[in-house]
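Below: the structure, in C-alpha cells.
The values are calculated or read from the model by the stated rules, or taken from the named source; none is laboratory data. The structure presented is a predicted model; accordingly, all values stated were derived computationally and were not measured. Quick reminder, even Gly has a Cβ in these numbers, built from the backbone with ideal geometry, and neighbours come from all protein chains shown.
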Amino acid sequence: MKISNVLHLPAILAAALLALATLVEAEHTSNWAVLVCTSRFWFNYRHLANVLSIYRTVKRLGIPDSQIILMLPDDMACNPRNAFPGTVYSNADRAVDLYGDNIEVDYRGYEVTVENFIRLLTDRVGEEMPRSKRLLTDDRSNILVYMTGHGGNEFLKFQDAEEIGAFDLADAFEQMWEKKRYHEILFMIDTCQANTMYSKLYSPNIIATGSSELDQSSYSHHADNDIGVAVIDRYTYYNLEFLESEVRDTSSKKTVGDLFDSYTYEKIHSNAGVRYDLFRGGEEAARSRLLTDFFGNVQNVEVDGAKNSTIEEDLISLSKTIAALHKKYEEEEAALIKNSTAAARKKTTSQRKIQLAKPLTDDNWWTKKIAGATAIAGCALLWGVGSFFEGR
C-alpha cells in the first residue's frame, strides 16, 4: 500500500472531526448582563427605572446575580422626595416594585464612572477587586450590554460630570474581542441620538440597537402623578412589553428579529435603529438568534433531544468510520505481506544470506507509523468529545 493512500486516513478523520467541532462551537456556555444607568438626580427617575426593569427581566429568565453587573449612580428608592420610600416603579399602577428585597447593586453612586465601566468590560482591574464587581466572561459567553441616560451625537453622559464617546465604547469592545472575553454581544442603548453610539463599533459578533437616530430625542412613556416624574422611557417600555408578553420562560423561540420588528415610530416616537453587519452571517444570522441567548440563563434552557441524538449519531458514525478504516488497512497490509512472502521464495540462497538494513523511507514502515498514529489520535479525540458532552 502506498504512503499517499495511507495519508487519506488522517484527512478523513480531520474532516469528520471538523464537522463535529463546528457543531459544538455554535454553542455558548454562559449568558451575562451589564446593565448601566448613567444619570443622577430625582428628575432622572425614569432612567433608573429603565435599567431596573431590564434587571428584573433577565433575573426572571434565569440569569443569576453572579452573572449580572448592575450600575446605579443614584438611590431613588431612598430619595427624600420619594412618596413611596424604599421602592422604584416603572408603571403608574405600581404593580411591581423593581427595587424590592432581592436586588444586588454592584456599582453605586460615584463608583459609576466611565473609567470603571471601561475597566469592567476589559477586566483591567486590580487584584483587590471582588469577584462580584468583575465581568468574568470568556470566549463562550454571550453578553447583554444595556445602557440608559442622557446623551447626544456619539456620546453618553455619566452623572453630568463626564462622557463616554462612541470611539471609547468601540475600542473597549475591541479589547474584549482580542482578549477573548465574549462570544456574542447584544448592545442596547436608550438615550437621545442613541444610534450614533454604536456607529463606530468594528468588532465582530455584535448586534446593536438604539432608541433614536441622529438629532432625535428619546422620549418618556408616561409619568406617575404621585411620584411626580416620568417613570420609564418609551423605547425601554416597549422592549419590556414584548419580553414580558412573548418571552415568558427560557423555552421561548422568539428571536432578536421578532423583537426588532416590533419597533415602530408610532410607539417609540423616534426611529429605533439596528445594526447587523458586524455579526457573522450578517442580518439573517443575527435576526435568527433567540432572545434567550442574551436575556436568559443557558443552564436553564432545555436542550432539544433531537440535537442530542444528532450529536450521538455523529459520534457513532465517527467510531464506525475509524473501525472501517482500520479494517481496510489490515486487509491491505495482509495482502502486502502475502505478496512479499511469495517474492522472497523466488530469491536464490545466496540472496537470502545478504542482510541489508531497510531504509527509513520504506513504504511499509510509513504505513505502520501513520496508521498507528491515526488510531491513537482518533481514540483520543473520541474520548475528548465524549467527555465534553458528559460534562455539559
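For Thr196, the requirement of being in contact (Cβ under 8 Å) with a residue 24 or more places away in the chain, assigned to a helix (DSSP H, G or I), farther than 20 Å from Gly257 by Cα and among the hydroxyl-bearing types (Ser, Thr, Tyr) is met.
Considering the conditions (1) outside any loop (DSSP other than H, G, I, E, B); (2) under 25 Å from Gly151 (Cα atoms); (3) touching a residue at least 60 places away in the same chain (Cβ under 8 Å); (4) not polar (S, T, N, Q), Leu201 is excluded by exactly one of them, (1). Just need a number here: residues in the range 82-102 that are of a type outside the set (Gly, Ala, Ser) and loosely packed, with under 13 Cβ neighbours inside 10 Å. Of the residues in that region, 4 qualify. Could you list, in sequence order, all residues of the range 55-85 that are over 18 Å from Asp106 (Cβ atoms) and within 21 Å of the chain's Cα centre (by Cα)? Result: Arg60, Leu61, Gly62. Taking first residues from the range 232-255 that are among the aliphatic types (A, V, I, L, M) and partners that are not in a helix (DSSP H, G or I), the Cβ contacts under 6 Å between residues at least 6 apart in sequence or on separate chains come to Ile232/Ser90; Ile232/His221; Val247/Lys254; Val247/Leu291. Just to verify a result, which residue in the range 40-81, among those that are of a type in the set (Phe, Trp, Tyr) and part of a helix (DSSP H, G or I), is surrounded by the fewest Cβ atoms within 10 Å (Cβ to Cβ)? Selected residue: Phe43.
Per the listing Asp168, Asp139, the residue uniquely over 26 Å from Trp42 (Cα atoms), part of a helix (DSSP H, G or I) and either at pLDDT 95 or above or assigned by TED's automatic domain parsing to the domain that holds Asn239 (or both) is Asp168. What are the residues in the range 62-82 that are of a type in the set (A, V, I, L, M) and in contact with a strand residue (DSSP E or B) (Cβ under 9 Å, 6 or more places away or on another chain), if any? Correct list: Ile63, Ile68, Ile69, Leu70, Met71, Leu72.
For the range 43-65, the count of residues that are in the same structural domain as Val229 (by TED's automatic domain parsing), modelled with pLDDT of 95 or more, of a type in the set (Gly, Ala, Ser) and at negative phi is at least one. I'd like to check something: does the range 236-247 contain any residue that is surrounded by fewer than 17 Cβ atoms within 10 Å (Cβ to Cβ), touching an Asp or Glu at 6+ places or on another chain (Cβ under 7 Å) and among the hydroxyl-bearing types (Ser, Thr, Tyr)? For the range 236-247, residues surrounded by fewer than 17 Cβ atoms within 10 Å (Cβ to Cβ), touching an Asp or Glu at 6+ places or on another chain (Cβ under 7 Å) and among the hydroxyl-bearing types (Ser, Thr, Tyr): absent. Of the residues making up the range 246-283, just one is at pLDDT below 95 and assigned to a helix (DSSP H, G or I), namely Gly282. Checked against (1) of a type in the set (S, T, N, Q); (2) crowded, with 17+ Cβ neighbours inside 10 Å; (3) over 29 Å from Ala172 (Cβ atoms), Ser251 meets all criteria but (2).
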